[in-house]
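Below is one structure; the comments refer to it alone.
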Amino acid sequence: MTTAVTTPGPGVTGGRTAVAARARQVVKAYGSGETRVVALDHVDVDIARGQFTAIMGPSGSGKSTLMHCLAGLDTVTSGQIHIDDTEITGLKDKKLTQLRRDRIGFIFQAFNLLPTLNAIENITLPMDIAGRKPDRQWLQRVVETVGLAERLKHRPNQLSGGQQQRVAVARALAARPEIIFGDEPTGNLDSRAGAEVLGFLRRSVDELGQTIVMVTHDPVAASYADRVLYLADGRIVDEMYHPTADQVLDRMKDFDARGRTS
Amino acid sequence: MTVLKTSMRNFFAHKGRMALSAIAVLLSVAFVCGTLVFTDTMNTTFDKLFAATSPDVTVSPKSAEGPEEDPQGGKPESLPASVVEQVKRADGVKSAEGAVSSMNVTVVDSENENMGSTSGAPTIAGNWTQNDARTMEITEGHSPRGPTEVMVDADTADKHGLKLGDELRTISVNGDFTAKITGIASFKVTNPGAAVVYFDTPTAQKQLLGETGKFSQIAVAADAGVSHAQLKQNVASELGAGTYKLQTQQETADQNRKDVGEFMDIIKYAMLGFAGIAFLVGIFLIINTFSMLVAQRTREIGLMRAIGSSRKQVNRSVLVEATLLGVIGSILGVGAGVGLAIGLMELMSNMGMNLSTDDLTVKWTTPAIGLLLGIVVTVLAAYLPARRAGKVSPMAALRDAGTPADGKAGLLRALIGLVLTGAGVFALYTAATADKAGDGSMWLGGGVVLTLIGFVIVGPVLAGAVVRVISALVLRLFGPVGRMAERNALRNPRRTGATGAALMIGLALVACLSVVGSSMVASATDELDKSVGADFIIQGQQRIVPQAEKAIQNSPDLEHVTRYKVADATLTAPNGKSEKSQVTAADPTYATDLRRETTAGELEDAYAADSMSIGTEYAKDNGIKVGDTLTVAFKGGETAKIKVGAITNDDVTIDQGARYMSIATLEKYLPADRIPPNMIMFAKAADGKAEAAYAALKDTLKQYPQYEVRDQTDFKEELRSQIGQLLNMVYGLLALAIIVAVLGVVNTLALSVVERTREIGLMRAIGMSRRQLRRMIRLESVVIALFGALLGLGLGMGWGATAQRLLALEGLEVLEIPWPTIIGVFIASAFVGLLAALIPAFRAGRMNVLNAIATD
């Protein structure tokens, strides 16, 4: 069965299409013959611009793989992925790297920062690599938004886990990417620090119009999103708009039960 | 048992990471074993040669010189032919034949090309005897008969394309002598390089000894059942004790071997020294490898400790891995060493030596030494990291250690390093200001060792500052990538320090030797400019025979030609003290050829009849003043009373302490056939005829290719090129240590890349291109290499300058820093850094981004 969760109609936001990223019939398979494992099974998905999208699913459902493919970190076996108007499937490493550098931001679960660089250097790293000057005012605003103004000269090992993730958020925002991908960005944080980081992500969507895609298995984290996609066995099986933590949890339980009985 | 099993598994799981360490062990062990095999093989070859060519018993004149010494008169000492008959009367003598053999000859072909070996082996001329027939086989023609026939050895014939019927001219102190080749004979044993020509007995006697009826030695063969020692005794009692020198085959062979053996020992210990340096450098590499492996395995070790492994077990497991590494590296090294020895023999063969792999000698001690050294060094080097592994707390298993904690360079380390460096600098200063070369060299040695150790210890501390400086100058050009390279080089100063230190050692030696070498050239040039007045200098490997001397004297456009001879004599001072020494007899024009300052008297007076000059030191030691009389007993001549005409200043390198007299004085007390040939000759061109005179001299010497004439410019050039060659050889040997150091850089980078997998993945994810990533690693490598180079060159120049100050006592007056070499080495180091990073950078570029960041 092929599932399609696409936003209908070409909305227009600031001269761009309303869809920030688009996947069509994406298949990702590992191995071949008998050992072939399908991680993504003909997935169609549209990521709406200016929205906070969460991808959920049990371990092995393919949610991280989907994010990696959307972000141009991983290659697909077949199908197409577009970031805005650019088809990234089939791009060579060089172009892909440039695309990640200039148009995408990342927040990982752990090990987000280079230990040799201090906070501000980490934040501006993607622009430094690109040889671009950061926009001072914007940078200031981002730094203030994540509340790091006092700790910019600190090295990662002098920051708490929550602070490190906030630096990562700031880095992702600083270059004004078209889209930010988060891979369980709060997975390693306690609930308070996690709430802080998620709050920033929410605000950046609301106030700065940022597009964010986040993989998580935490219903509370997912409740910050505008829309939740559910993955199971490499397919998108459901979605939910404006979720609350309880709704998400119920839906998850539901899947779990169904998974067990089937 | 489990410890061993874990170690084995660890070792083989990480064999890639061990590979470079194993190569370092391999190279060092190979160099040691290769040296041993090569020198043992050379000794075997010479042993066989000498055993084969020495007769059962040799009778020679009592005053006969050793094989490497020049006989005074320029021809061998001889004994009357009648002795042969006398020897034959002794019991147990199967045969006795008179032999003529001289190494004071030069043999040239019809085109005046020298037939002698270029590798330092002698040219030997003699008569063809039954004893020679034992070890040689006539392969073409026949043995020489009559005064116009000569037989040559097959190797020489091959090398120079000689055929039967070609003419060979033999140049000896008795004149030139041309003969046709009528025979070619080849050695049945390996002859490493001597060129050998044979004549019939009367011709050899006349040409080599100057008269017939004499031999240079007698070869005696024993009857069956008579031992060599017995035969020697019998001959001795027949000839009367003490009249002649008698040697058994063993003794002759031993005497011949002594010189070769000493030379081989020098080569052996020099090469082992370089192997030692390579080992030292290898230690850094091994320490780094194990430190990094332990750091990467911190969690694993913590887990083992948590589930109950004792410190000792963890410690031991690392040492077991080191032992495995040592064993594998050494075994391969021993094999490679034998290969290296064979390669070296091939190389020597290409350079004109004749060596045979049939003689390849691998003593049981060679692999034993190789294995022992390799294993002990490896285990010792791994000891510190092993201890650190033992100290890992069980808590480490619980901590999330993405990248191992950065090793900080401690204050204590800085302090110890600085104290040692300070002590070393003090020692060097003492050496530089020493009055006596002997004391100074001890201080110099101590200073070198202390500053080296000091630098190694303080290196990690310096790494911080030096890397920042280098980065500011070089890396900043590369923007953020350069900055990250700098940070990476700085993040573990201990590692950067150790990696750089390995390179430092080799480069310090290069810098030191290049400073000493160029100071030598500069000092010699300076002294030549100041003191040498002669336009042309004529010298060669052999002393200048009378016929060449005449030809030089008759060369046109010369104002004067100076002869220069050195004769053995025993000097007795007025205070009764005697010393066996030498006097220099020269033409009076020598006083203008070499401007010597005197501390008393005029140098011209030394050249008056029955006069001489002495050096200041000798004069002071014996309280001699100008006008005093010395008793001079000329070796092989009369004893004379000679007046001191002048006392020369000893503060020179050329002719230091020489005692001059005129050749006329020498000739008065020494019979004509005892007058030594010229050691060297000088000439001055007639006014404005320098070029013509030089060309004419060169032309004159065409027929005597064993001598070379050089004007001052060419002489300096030759000096420079000789020292340059020597330095190049030493650099070549140091290359081993430098290669090991470069492997160390590769090793550090490769392991760092593995260690930083996640970081690299992160950087790639957020948009660093492969090119930038590779550049970052290359720049890190360049910084490490430049750090090592800067320290090494600085240290080495310090050593070199100290050595020069010390050697100033021996006449090395001028300090010259060879900036082109130093700067060249520095720049080359940057390229070496680039080269070292090639593979690690490539591998980092190929690293999968997802592997690096995937968390589930």
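Using a Förster distance of 56 Å, how high is the FRET efficiency between B:Leu809 and B:Thr139, based on the Cβ-Cβ distance and rounded to 0.05? It comes out at approximately 0.50. Counting only lysines at least 8 places from B:Lys75 when in the same chain, those with an alpha carbon closer than 19 Å to its own are B:Lys62, B:Lys206, B:Lys214, B:Lys245, B:Lys550, B:Lys565, B:Lys635. The length gained on full extension between A:Asp93 and A:Lys253, counted as 0.36 nm times the residue separation minus their Cα-Cα distance, comes to 53.6 nm. Peptide A:102-112 has a mean shielding of 4, counted as Cβ atoms of other protein chains within 10 Å of each residue's Cβ. Near B:Leu594, the amide H atoms lying under 5 Å from its own belong to B:Gly533; only residues 5 or more places off or on other chains count, and H is placed 1.01 Å from N. Screening chain B for whole DSSP H helices with an alpha carbon extent of at least 20 angstrom along the helix axis and a mean Kyte-Doolittle hydropathy of at least -0.5 yields B:15-53, B:249-296, B:311-350, B:365-390, B:411-432, B:437-473, B:493-531, B:712-755, B:770-807, B:819-846. The helix-only estimate of mean residue ellipticity at 222 nm for chain B, built from DSSP H runs of length n ≥ 4 each weighted as -39500 (n - 2.57), is -19500 deg cm²/dmol after division by the residue total.
Pairwise inverse Cα distances across segment B:647-785, averaged and inverted, put the Kirkwood hydrodynamic radius at 22.6 Å.
By definition, a body whose alpha carbon gyration tensor gives a ≥ b ≥ c is oblate when a/c is 1.5 or more and a/b is not larger than b/c, and segment B:591-699 fits this oblate description. Counts of other chain beta carbons within 10 angstrom of each beta carbon in peptide A:114-125 average 4.
Under 1.5 on a/c is rounded, so check that first for segment A:136-220, then, if it is not, pick prolate when a/b is larger than b/c and oblate when it is not; a ≥ b ≥ c are the square roots of the alpha carbon gyration tensor eigenvalues. Here segment A:136-220 falls in the oblate category. Output the 0 to 90 degree angle, nearest 10, between the alpha-carbon long axis of helix A:119-130 and the longest principal axis computed from the alpha carbons of chain A. In chain A, helix A:119-130 runs at an angle near 70 degrees to the longest axis. Kirkwood hydrodynamic radius computed over segment B:68-121 comes to 14.5 Å, based on all pairs of distinct alpha carbons.
When each of the peptides A:23-36, B:626-639 is scored by the mean number of other C-beta atoms lying within 10 Å of its residues, the order from highest to lowest reads B:626-639, A:23-36. Note that the protein assembly as shown, at 4 °C in a medium of 1.567 mPa s, gets a Stokes-Einstein diffusion coefficient of 35 µm²/s from its Kirkwood radius over C-alpha pairs. Only Cα pairs under 8 Å and at least 6 apart count here; give the relative contact order of chain B as a rounded whole percent. Here the relative contact order equals 16 percent. Cross-link reach is defined here as a Cα-Cα straight distance under 25 Å, omitting same-chain residues fewer than 8 places apart; for A:Lys63 the lysines meeting it are A:Lys28, A:Lys92, A:Lys95, A:Lys253.
Amide H contacts of A:Gln109: A:Asp183, each under 5 Å away and 5 or more positions distant or on a separate chain (H built 1.01 Å from N in the peptide plane; Pro and chain starts excluded).
Between the C-alpha center of segment B:186-213 and that of segment B:320-361 there is a gap of 37 Å. With a threshold of 31 Å on the Cα-Cα distance, the over-threshold entries among B:Lys530/B:Lys625; B:Lys641/B:Lys702; B:Lys180/B:Lys232 are B:Lys641/B:Lys702; B:Lys180/B:Lys232. Applied to segment B:71-84, the Karplus parametrisation 6.51 cos²θ - 1.76 cosθ + 1.60 on θ = phi - 60° returns per-residue 3J(HN,Hα) values of x, 4, x, x, 9, x, 5, 9, 10, x, 4, 4, 4, 4 Hz, with x for Gly and Pro.
Exposure proxy for B:Lys580, B:Lys75, B:Lys94: other Cβ atoms within 10 Å of each Cβ, ordered fewest to most, give B:Lys580, B:Lys94, B:Lys75. Sorted fewest first by neighbouring Cβ atoms within 10 angstrom, B:Glu137, A:Glu178, B:Glu111, B:Glu759 come out as B:Glu111, B:Glu137, A:Glu178, B:Glu759.
If you wrap segment B:531-621 in the convex hull of its Cα atoms and look at it from every side, the mean projected area works out to 7.4 nm².
Averaged over peptide B:477-488, the number of partner chain Cβ atoms lying within 10 Å of each residue's Cβ comes to 3. Both radii were evaluated on the Cα set of chain A; the Rg over Rh quotient, with Rh as the Kirkwood radius, amounts to 0.96.
The Cα atoms of segment B:697-856 give a gyration tensor whose axes a ≥ b ≥ c have a/c of 1.5 or more with a/b greater than b/c, which makes the shape prolate. In whole Å, how far is the Cα centre of segment B:137-160 from that of segment B:691-724? First find each Cα centre; the distance between them is then 32 Å. Helix content alone sets the calculated 222 nm mean residue ellipticity of chain A: runs of n ≥ 4 DSSP H residues at -39500 (n - 2.57) each, divided across all residues, give -11000 deg cm²/dmol.
Cα extents for segment B:420-577 along the principal axes, largest to smallest and rounded to whole angstrom: 76, 48, 26. Spacing of the modelled spin labels on B:Ala19 and B:Ser310, each 7 Å from Cα toward Cβ, amounts to 3.8 nm. For B:Leu36, what is the net charge nearby, where nearby means another residue's Cβ is under 11 Å from its Cβ and Lys, Arg count +1, Asp, Glu -1? The answer is +1. Every pair of different Cα atoms in chain B enters the Kirkwood calculation, which places the hydrodynamic radius at 31.8 Å.
Quick note on segment B:252-346: its Rg to Rh ratio, both from C-alpha atoms and Rh being the Kirkwood radius, is 1.24. Comparing Cα centroids, segment B:453-481 and segment A:177-247 end up 44 angstrom apart.
For segment B:63-241, the Kirkwood hydrodynamic radius from C-alpha pairs, put into Stokes-Einstein at 37 °C and a viscosity of 0.692 mPa s, yields a diffusion coefficient of 194 µm² per second. Each residue in A:Val143, B:Val314, A:Val38, B:Val469 was given a count of other beta-carbon atoms within 10 angstrom of its own, and listing them fewest first yields B:Val469, A:Val38, A:Val143, B:Val314.
Residue ranges B:120-127, B:178-185 sort as B:120-127, B:178-185 when ordered by packing (mean number of other C-beta atoms within 10 Å per residue, highest first). All alpha carbon pair distances within segment B:310-458 were sorted into 5 Å bins beginning at 0; the resulting P(r) in whole percents reads 2, 8, 9, 9, 9, 11, 12, 13, 12, 8, 4, 2, 1, 0. Beta bridges assigned by DSSP with both partners in chain A are antiparallel in approximately 55 percent of cases.
Bear in mind that the values in this text are calculations on the coordinates, not laboratory data. The structure presented is a predicted model; accordingly, all values stated were derived computationally and were not measured. Note that we place each Cβ from the backbone using ideal geometry, even for glycine, and neighbour counts take in every protein chain shown.
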